[in-house]
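The values are calculated or read from the model by the stated rules, or taken from the named source; none is laboratory data. What you see is a predicted model, and the numbers here were worked out from it, not measured in a lab. Cβ placement follows ideal geometry from the backbone for every residue including glycine, while neighbour counts extend to all protein chains displayed. SASA here: full protein model, heavy atoms, side chains in, ligands and nucleic acids out. Shrake-Rupley method; radii C 1.70, N 1.55, O 1.52, S 1.80 Å.
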Amino acid sequence: MRVGLEVDGKARTADDVEVGESLLFLLRERLGLPGSKNACEQGECGSCTVYLDDEAVCACLVAAGQADGRRVVTVAGLSGDDGLHPVQQAFLDAGAVQCGFCTPGLVVAVHDLLRRTPDPGDAEIREALAGNLCRCTGYEKIFDAVRAAAR
Amino acid sequence: MTTVAPPAAPAVTRTPDGVGEAARRPDGIAKVRGDFAFSSDLRHDRMVWGATVRSPHVHARIVTVEVDEALAMPGVRAVLTAVDVPGVNRFGLEQRDQPVLADDVVRYAGEPVAVVAADDPETARRAVERVRVTYEPLPALTDPEIALSGDGPPLHEGGNLVRHLRIRRGAPRAGAAVVVTGEYEVGMQDQAFLGPESCLALPAADGGVELHCSTQWLHVDQEQLAACLALPPDRVRLTLAGVGGAFGGREDLSVQAHACLLALRTGRPARMVYGREESFVGHVHRHPARMRYEHGADADGRLLYVKADILLDGGAYASTSHAVAGNAGCFAVGPYEVPSVEIDCRAVYTNNPPCGAMRGFGAVQVCFGYESQMDKLAAAVGIDPVEVRLRNAVATGSMMATGQRIEGPAPVAELLRRVEEMPLPPSLPASGGADVRLLPGGVANTTHGEGVRRGVGYGVSVKNICKSGGYDDFGTARVRVGVAGDEIVASVHTAAAEVGQGLVTVQAQIVRTELEIPSVVVLPADTAVGDAGTSSASRQTWMSGGAVRQACVAVRGRLLDRAATALAEPVTGLRLAGGRIVSDRSGQSVDLRDLLAVEDVDETAVFRHRTTEPLDPETGQGDAHVAYAFAAHRAVVDVDVELGLVRVVEVACAQDVGKAINPPAVEGQMHGGIAQGVGLAVMEEIKVRDGRILNPSFTDYLIPTTMDMPSTRLDILELPRADSPYGLTGVGEPPLLSAPAAIAAAIRAATGREVPRIPVTPDALTS
């Protein structure tokens, strides 16, 4: 099947998409946009978090066909040409990036959290990010980044 | 004998983004934008996709492998089996005992038997299903005790004992007023790095191969691959691709040889990416351990002897079992003065998943054992758990179980006091009504505080830094200084693996400090430069940092020589100062740009730490270790004693790092190490039944989330070493070592139960 969608503001099309393919596969392998990461492909780790229209989702759990005619924003779409998004900057400033594999998904998840809750408390931060695994940081500096970006 | 005398720790002057500063990661911007290329992101025109045929049996003889049906599928480009391995069909870090593709026998469930290449991943997956392998099942050996007894089938020539380390020191035990014994067990933990095993192999014009992969040690991969591929090492060129975490799990080869074989056979770039389930099967794990301890002490709790019997299940292949057993044995009594020791540590082959390196490397398992014993001893003597540790703690000059004197800082007592003195987290409200998210069971809303008991526990630990036992351990670095435009730029080139720990940052920091050049480029790590050794054993900042520093010293010498000529003055009295070389004698100076106008300065240096010796095979005595690092943990837990649910409330860690080259990166290592310790204590275990992994997914193998991670308190000591660059000590492993022991102790304090096994499950606390 042919899937047409908008990714980070640009119209994209992919042909010969299989029924069982995920949006993550479509983005990474068919469109060559590896910004969303492939850690578990089971919706457990959040590394592939993107916006589908305005909802943050795990791209691995969305069938590619479901994205037809819709708008996807990945981590790459959050920063403009004029520099980094404040959430991205906060991750850098706080030292919240180590290996960085979880970072793209976490940046989108934090972006989504702050959009909904501009000044989250610690418990809200923990709850909102519970679907994003990080194996390097122990999360402490990610929490620092969220608090810094909220300011 | 010291091969290269490292300079003694000097006073380091502050340089912007230099040593000791919170310099930013050079790869940080790409990582937050999603632009950073991890190994699973690599692609190439005309590439083929590789996939692996794996054994469903834990132990079986291979009768036939039929590939014709798979090979006939449209889009399939190659199907390779053991006969297609051109070189030696064996690899391994310590013993080359593991087949690239199983030839005769499979020894664990999931062992690779064949690899396929196809035009797309789906076709590759289908082709895997069409490879017909006929097996003749053999008796499976999945109990390490039976493997040790010799009653099971021998899995390798020479039997099933990989190593037996005996350590004997002091007079036989006698006259102990207090004796405590215990049996302890540690489950199989997984590194669970997020970036899956993956690589891209490109056939090269000279008949060789160029491999872009995530690994912890490019040169040891190169050496093993060259032998398997029957190529000279210079025709197997490796470049480090972005590494999504490692923690020891990338020391062994996984996809590398398979992708190279497929690239060489098809003449096309070959890409391999494991899914999560395959990743759990495709790399080695932390050795599960069974430990028997006997501690004897006087009436005041001072240790007289320790007897320890440790059995590690190494699984089907040796990997690093020899060295892991070495560490578990060497550190079996912990950071304590013990006049008499009798330690036997054995690692055995079984048909379980192969085990190898994971952060902490044998020292984690025994720490749970010896610290559990120290708590038991405190209770038997009737003193405080911290006090019993203080009475026995090693200090500089103390003797370890191996007879080696501790030469560097050994602030065990101070680390313990520091965690003890930190304020405790607030208690739960006595009247109930706590935020349920802060209670055991959390948002599952299983309790409102009834049946919840709080406990506090302590642990201290010791770990060797760098490679031990006489290993010729070194690091190589090349530093080049030149002019680009109007700016002086330094570049650093090493083969050292950045696995997330921040090595790329500290390499640049060292150059800025040594040469006062703000603009530093860290080149991609590859095998075009000399060996850096492994990014493990908490050694890479010490070793590659030392090499970078030495290369900088050589570059500075060359610049001073040029300045001496230009200024017609002797070198002595000249010094580098902010982009110029200044003569204190005459006040003359020359701009570095002028000195570099004709030709760059380029120097390569090799750094070695002091040499060590192997342990005596009979007594286990010897100066086997370069250096020791220490950490102390205090854990606070809440346990729902009715449901067996544990919430780790807080973990405090005090650690001596010698010198924090990059303080936020040190904190990051400490937070991350604590998180893996929390995981091992209460949730992380690869469940293996009859040799098969039951939970190879992030749905079923649980690593701590934001809801599971406690708040942390850190205290970083900087007691400089005399023998390392800037006085530093390795920082990667200590934050993990005693965290599980402290958490287990806290659970004991909360419940009054023995807690002889980690991870602690609800069943274990309620049955």
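In the full protein context, chain A carries 38 Å² of accessible surface per residue, based on a 1.4 Å probe and ignoring ligands, DNA and RNA.
With Rg and the Kirkwood Rh both taken from Cα atoms, where does Rg over Rh land for segment B:470-539? Numbers along the way, then the final one.
Working: Rg = 13.0 Å, Rh = 12.9 Å.
When Rh is taken as the Kirkwood radius, the ratio is 1.01.
Residue B:183 exposes around 120 Å² of accessible area when a 1.4 Å probe is run over every protein chain in place. For the protein assembly as shown, the residue among B:356, B:589, B:717 whose Cα projects farthest onto the positive side of the dipole built from Cβ charges is B:589.
I want the local charge near residue B:455. Using Cβ-Cβ distances under 10 Å, sum +1 for each Lys or Arg and -1 for each Asp or Glu among the other residues. Numbers along the way, then the final one.
Details: positive: B:453, B:454, B:748; negative: B:638.
Net local charge, residue B:455 excluded: +2.
Helices that extend 30 Å or more along their long axis by alpha-carbon positions and average at least 0.0 on the Kyte-Doolittle scale are, among the DSSP H runs of chain B, B:540-567.
With the biggest extent put first, the Cα atoms of segment A:65-151 measure 38, 29, 26 Å across the principal axes.
For segment B:674-714, with all protein chains present and a 1.4 Å probe, just round the carbon and sulfur fraction of the accessible area to a whole percent. Can you show the working numbers first?
Details: 600 of 1380 Å².
On segment B:674-714, the fraction of accessible area on carbon and sulfur atoms equals 43 percent.
Quick check on chain B: helices-only [θ] at 222 nm, where DSSP H runs of length 4 and up contribute -39,500 (n - 2.57) each and the sum goes over total residues. Nearest 500, please. It lands at -7500 deg cm²/dmol. The figure for residue B:474 is an accessible area of roughly 50 square angstrom, using a 1.4 Å probe on the protein chains alone.
Spread over its residues, the convex hull of the C-alpha atoms of the protein assembly as shown is 171 Å³ per residue. Across all directions, the shadow cast by the convex hull of segment B:215-259 built on its C-alpha atoms averages 3.0 square nanometres. For residue B:292, put the label point 7 Å out on the Cα→Cβ axis and report which residues of segment B:156-175 keep their amide N under 17 Å from it. So the set is B:164-167, B:173. Peptide A:87-93 shows a mean partner chain C-beta count of 3 within 10 Å per residue C-beta. Taking the Cα centre of chain A as reference, the dipole from Cβ charges on Lys and Arg (+1) and Asp and Glu (-1) amounts to some 200 debye. For segment B:511-608, the direction-averaged projected area of the alpha-carbon convex hull comes to 7.2 nm². All C-alpha pair distances within segment B:676-728, sorted into 5 Å bins from zero, spread as 4, 15, 15, 14, 10, 9, 10, 10, 8, 4, 0 percent across the bins. Counted by Cβ distance under 10 Å from residue A:25, the other residues give a net charge of -3, where Lys and Arg count +1 and Asp and Glu count -1. The calculated pair-distance distribution of segment B:224-370 uses every alpha carbon pair, bins of 5 angstrom beginning at 0, and gives 2, 9, 15, 15, 14, 12, 10, 7, 6, 4, 3, 2, 1, 0, 0 percent. Per-residue shielding of B:186-196, expressed as the average number of other chain Cβ atoms within 10 Å of the residue Cβ, stands at 4.
Mean separation of Cα pairs under 8 Å and 6 or more residues apart, divided by the residue count, gives segment A:1-102 a relative contact order of 30 percent. Per-residue mean of foreign Cβ neighbours for B:235-243 is 1 (Cβ atoms of other chains, 10 Å radius). Overall dimensions of chain B, expressed as equivalent-ellipsoid semi-axes from the Cα gyration tensor (√(5λ), whole Å, largest first), are 40, 37, 25.
Take the Cβ-Cβ distance between residue B:565 and residue A:147 as r, set R0 to 51 Å, and report the resulting FRET efficiency rounded to the nearest 0.05.
On the way: r = 56 Å, r/R0 = 1.09.
Result of the calculation: an efficiency of 0.35.
For B:542, B:49, give the ranking by accessible area with the largest first, probe 1.4 Å.
On the way: B:542 0, B:49 35 Å².
Accessible-area ranking of B:542, B:49, largest first: B:49, B:542.
Of all DSSP beta bridges confined to chain B, the antiparallel ones make up roughly 75%. Only alpha carbons enter this Debye calculation for chain A, each as an equal point scatterer, and the log10 of I(q)/I(0) it gives at q = 0.21 Å⁻¹ is -1.29.
When chain B is described by a simple charge dipole with +1 on each Lys and Arg Cβ and -1 on each Asp and Glu Cβ, the residue from B:458, B:209, B:443 located farthest towards its positive end is B:458. Peptides B:638-644, B:16-22 ranked from most to least packed by the mean count of surrounding Cβ atoms within 10 Å: B:638-644, B:16-22. Solvent exposure of residue B:458, expressed as accessible area, is near 30 Å², computed with a probe of 1.4 Å over the protein chains only. Taking all protein chains together, B:650, A:6 sort by accessible area into A:6, B:650, largest first [probe 1.4 Å]. For the protein assembly as shown, the share of DSSP beta bridges that are antiparallel, to the nearest 5, is 80%. The alpha carbons of segment B:129-179 occupy a box of 67, 22, 22 Å along the principal axes, longest dimension given first.
How big is D for segment B:152-307, in µm² s⁻¹ as a whole number, if Stokes-Einstein is applied with the Kirkwood radius of its Cα pairs at 20 °C and 1.002 mPa s? It diffuses with D of about 111 µm²/s by this estimate.
Over segment B:133-253, accessible surface divided per residue gives 36 Å², non-protein components excluded, 1.4 Å probe. Which of rounded, prolate or oblate describes segment B:674-767 when judged by the alpha-carbon gyration tensor and an a/c cut-off of 1.5? It is prolate, given that a/c is not under 1.5 and a/b is the larger ratio. Taking amide H atoms as placed 1.01 Å from N in the peptide plane, the amide H of residue B:714 lies under 5 Å from those of B:653, each 5 or more residues away in sequence or on another chain. When the helices of chain A are scored as -39500 (n - 2.57) per DSSP H run of n ≥ 4 and the total is divided over every residue, the value at 222 nm lands at -8000 deg cm²/dmol. Put a plus charge on the Cβ of each Lys and Arg, a minus charge on the Cβ of each Asp and Glu, and nothing anywhere else: the dipole of segment B:46-188 about its Cα centre is then about 620 debye.
Evaluate segment B:234-318: find the radius of gyration of its Cα atoms, find its Kirkwood radius, and give the ratio Rg to Rh.
1.26
Here segment B:234-326 is treated with +1 on each Lys and Arg Cβ and -1 on each Asp and Glu Cβ, and its dipole about the Cα centre works out to around 580 debye. Within 12 Å, Cβ to Cβ, of residue B:419, how many net charges do the neighbouring residues add up to if Lys/Arg are +1 and Asp/Glu are -1? With Lys, Arg at +1 and Asp, Glu at -1, the neighbours total 0. With only the Cα atoms considered, segment B:552-644 has a convex hull volume of 302 Å³ per residue. Taken along the Cα-to-beta-carbon direction at a fixed 7 Å, the label points for residue A:66 and residue B:83 span 4.7 nm. Taking each of A:37/A:141; A:37/B:463; B:376/B:463; A:141/B:463 in turn, the alpha-carbon distance tops 32 angstrom for A:37/B:463.
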